[in-house]
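The values are calculated or read from the model by the stated rules, or taken from the named source; none is laboratory data. Since this is a predicted model, take the numbers as computed values, not measurements. For neighbour counting, all protein chains shown are included, and Cβ atoms are generated from backbone atoms with ideal geometry for every residue, glycine included.
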Amino acid sequence: MKKKQETMKKHLFKTRLLSFASLCGIALTFASCANEDVAQNTTGSESDNDKNLTTFVAGDEAKTRTSLDYNSSDFYWEAGDYIYVKDDNGVLQKSTNAPKSKVASFKYMVPGKFTISSSYKVYYLGKNSNGNSVTISTNQSQTAPDNTVHFGTAGDYGTAKATGTLGGKSFSFQLEHQAAYLVFLPYTSNTILHNCYLTKIEVSSDNDIAGTYTVNPTTGALDASAVTGGDKIVLATRGSSSNPNGFPLTNNTASIATNGAYMVIKPGAHTLKVRYWLKDVVTNVEGTITKTYPSSLYTSNTYYDMKISLDVKDYSGYGYYLWDARENYWSGHEWDRADPWQPVLNNQRSNNYAKDYTDPRYFNKLFPGYRISNPATHSCASLPNVNEMTWYAAAGDPRWDGDELWTTMGHLYKGGMWFKKKANISGYNPNTAVDGSDWRTTGKSQKWFVSQTPPSAADKGNYFYLPAFGWYSAGMLHLVGTHGCYWSSSASPWYNYLAFGLCFSNDYVYVTDDGRGNGYRVGTFE
C-alpha cells in the first residue's frame, strides 16, 4: 500500500519540518466504492471455492474509499504486495495472491484455519520479507520523482486487525503503517545549481533510523533489532533509465513532481543530518548541501515533509590579503568590478598585484626586532594570534569535509575543514601555544594530521567551517577546493618578510611562518 503527496498543508516545526498528518498519526485506510471496485487481479494461485482459503479484504466494502486530501492523491496497494495472517494454530500464513498492478483495494486469499475468532492480526512485511520479519534498509533507491513504488523494498511495513463473523470465511481490514516517512522537496533560486542534479540523499542520525522487525510468535508484536550502520540511510535518485543523472533541480519553488523523494525510516526521536548530494555533470563536481534538524519525534504512520531551499553559501572573493595589508589583494579591481584583474580559477594569473610598499595592497613590513612579538595593525589585527592558531590545529579536532558545496567568484567548489569553536576547546589560551610556549616570540611551526569524518549531526553546532580557498602567489590563484590558508595576527619574530598563518589540506593542518607577500585569506574564527 502506497501513499503519494505533493504539497504540504501544515507546518509543524519552525525548522521547515512538516507533517503529512498530525503528530498523533492517522490510519491509512482503504475502502471500495462498490463491490466491483475490490481488485481481483493477482499473482499466485487463487480459488474462491477452495475451502482451505479465507478471504481478507483490504478495505471495507460498505464504506467509501478513504484517501488523504493532499492534492487528491489516494493510497494504493502495489504489484507483489502480499500479506501475512496469524491463523488459529499460531502460524503466520502468506496470502496465495497479490495485486498485479497498483490498486486502491484488494481481496486477499489466505490458507490456514480461521474459525475460532472473529478477528485476526494482519501483517504487511514489504516485498523482501522472509515471511516473519521486515528490514528498513540502509540503502534505498527511487527511480523517478514523486514515486513510492520502492517503499515495499525499502522496508515499509504495517499491521491491521481483520474483523469478520465467527466461523466465517471473509474478514476485512484497514492497514496502518508502522514506519515513518521523510518526503524531500528541494528547490533552488541559485542559477549555478539549476545546472546540477540531485544524485542521492543521505540521512544520518544520533541513533538507529533503520532496523529489522520480527513478528513475535507469542505476542504477535513486531520486535525491533539493530542492523549494521543503522544510523544512516542513503536514498539513491540516479541510475535509472529515466533519470540516469538523478533528479533535476530546475525548480525555484517546491515541486513534488520535479524532484520529490521519499525515504522510509524507523519511528522515534531522532536528531537528523540530511546531506543532499548534487552533481554538475558538465564540470563533474559532486558534493553536498547539509541541513541539520534538532531532535524531534518521528511518529509511525506519519509523513514528514523536508522542504528546503538548496542555496549554497556564497563567499566573497574580496577576502584575500597580503599579510596585514591595508586593502585586499585586488582592491578596486575585484572579479565582479567593471575592470577586473582578479583570477577566479585555479592557475589563472594576473600581473597586476602589489609589488611595493607604496601600494596600499602591499604587506605590513614592520619588524621591531628579533624575538619580539609583532602583532598586526591593519587587516589582520582582529585575527587570532599564532598561539590561538595552534589550539585550533592541535586541540580543535580538525575534520576535513571534501563534499560540502559552496561558491565563490561565480563558480561551484567543495572542500573545507571543520574546527571546534574556541569555547569548546579545553585549555584554550591566547597567551601560550598548545605546547606551553609563546610562539609570538619563539617562532615555532608544526603540522598535525586531521580526521576524514565531518562532525555528526549532534556535534555540528560545536564546530565552525573554513572553506579551502587556496591562495594567491605573484598574481596566480592556487588550489581552491583542496587547500586553505588563513593569516594570523602574528608576524614572525625572526624575519621582516614572514608572518604566521594556518594552512590545511585533506590530510593535515599546520601552523607556520610564510612569506608576507602571499595572498592568504583573512577569515573569521569562532
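Quick notes on this structure:
- Among the residues of segment 308-333, just one is among the charged types (D, E, K, R) and either buried (at least 19 other Cβ atoms within 10 Å of the Cβ) or on the phi > 0 side of the Ramachandran plot (or both), namely D324.
- Of all residues in segment 488-497, those satisfying the criterion of being in contact with a strand residue (DSSP E or B) (Cβ under 9 Å, 6 or more places away or on another chain) and either more than 18 Å from K444 (Cβ to Cβ) or surrounded by fewer than 19 Cβ atoms within 10 Å (Cβ to Cβ) (or both) are W494, Y495, Y497.
- Residues that are in a strand (DSSP E or B), surrounded by fewer than 22 Cβ atoms within 10 Å (Cβ to Cβ), out of contact with any helix residue (DSSP H, G or I) (no Cβ under 8 Å at 6 or more places or on another chain) and not small (G, A, S) within segment 237-273 comprise just one, T271.
- Residue match in segment 313-328 (condition: without any contact (Cβ under 8 Å) to a residue 24 or more places away in the chain and either in the same structural domain as P375 (by TED's automatic domain parsing) or not aliphatic (A, V, I, L, M) (or both)): yes
- Selected residue (criterion: farthest from T283 (Cα to Cα)) from residues of segment 353-386 that are aliphatic (A, V, I, L, M) and surrounded by 20 or more Cβ atoms within 10 Å (Cβ to Cβ): A376
- Counting only strands (runs of 3 or more DSSP E) that sit wholly inside segment 156-208, those with at least 3 residues that are under 30 Å from T283 (Cα atoms) and not hydrophobic (A, V, I, L, M, F, W, C) are 196-205.
- Condition met for T212 (under 16 Å from the mean Cα position of the chain (by Cα) and assigned to a strand (DSSP E or B)): no
- Per-region count, segment 338-352, residues within 41 Å of the chain's Cα centre (by Cα) and either surrounded by 13 or more Cβ atoms within 10 Å (Cβ to Cβ) or closer than 14 Å to G519 by Cβ (or both): 9
- Matching entry among S225, S204, S242 (being farther than 23 Å from Y123 by Cα and either free of Cβ contacts under 8 Å to residues at least 12 places away in the same chain or over 20 Å from the mean Cα position of the chain (by Cα) (or both)): S242
- Residue within segment 222-239 that is hydroxyl-bearing (S, T, Y) and over 27 Å from N132 (Cα atoms) present: yes
- Scanning segment 444-487 for residues that are buried (at least 20 other Cβ atoms within 10 Å of the Cβ), under 30 Å from I372 (Cβ atoms) and not aromatic (F, W, Y) yields L466, G484, C485.
- For segment 131-153, a residue qualifies if it is among the hydroxyl-bearing types (S, T, Y), in contact with a Gly (Cβ under 9 Å, 6 or more places away or on another chain) and in a loop (DSSP other than H, G, I, E, B), and the qualifying residues are S137, T138, T143.
- Residue selected from segment 312-367 under the condition of a type in the set (K, R) and at pLDDT 95 or above, by the criterion nearest to Y472 (Cα to Cα): R349
- When the criteria are applied in full, F469 fails the requirement of being within 21 Å of D403 (Cβ to Cβ) and touching a Pro at 6+ places or on another chain (Cβ under 9 Å).
- Inspection of segment 215-226 identifies at least one residue that is in a loop (DSSP other than H, G, I, E, B) and hydrophobic (A, V, I, L, M, F, W, C).
- Sole exception among (1) surrounded by fewer than 21 Cβ atoms within 10 Å (Cβ to Cβ); (2) part of a strand (DSSP E or B); (3) out of contact with any His (no Cβ under 9 Å at 6 or more places or on another chain) for Y276, by number: (1)
- The residue of segment 100-126 that is nearest to the chain's Cα centre (by Cα), among those that are charged (D, E, K, R) and not in a loop (DSSP other than H, G, I, E, B), is K121.
- The listed residues are T163, T143, T153, and the only one of them that is surrounded by fewer than 20 Cβ atoms within 10 Å (Cβ to Cβ), farther than 30 Å from F247 by Cα and touching a residue at least 24 places away in the same chain (Cβ under 8 Å) turns out to be T163.
- Checking the stated criteria, A226 turns out to be more than 12 Å from L193 (Cα to Cα) and out of contact with any Ser or Thr (no Cβ under 7 Å at 6 or more places or on another chain).
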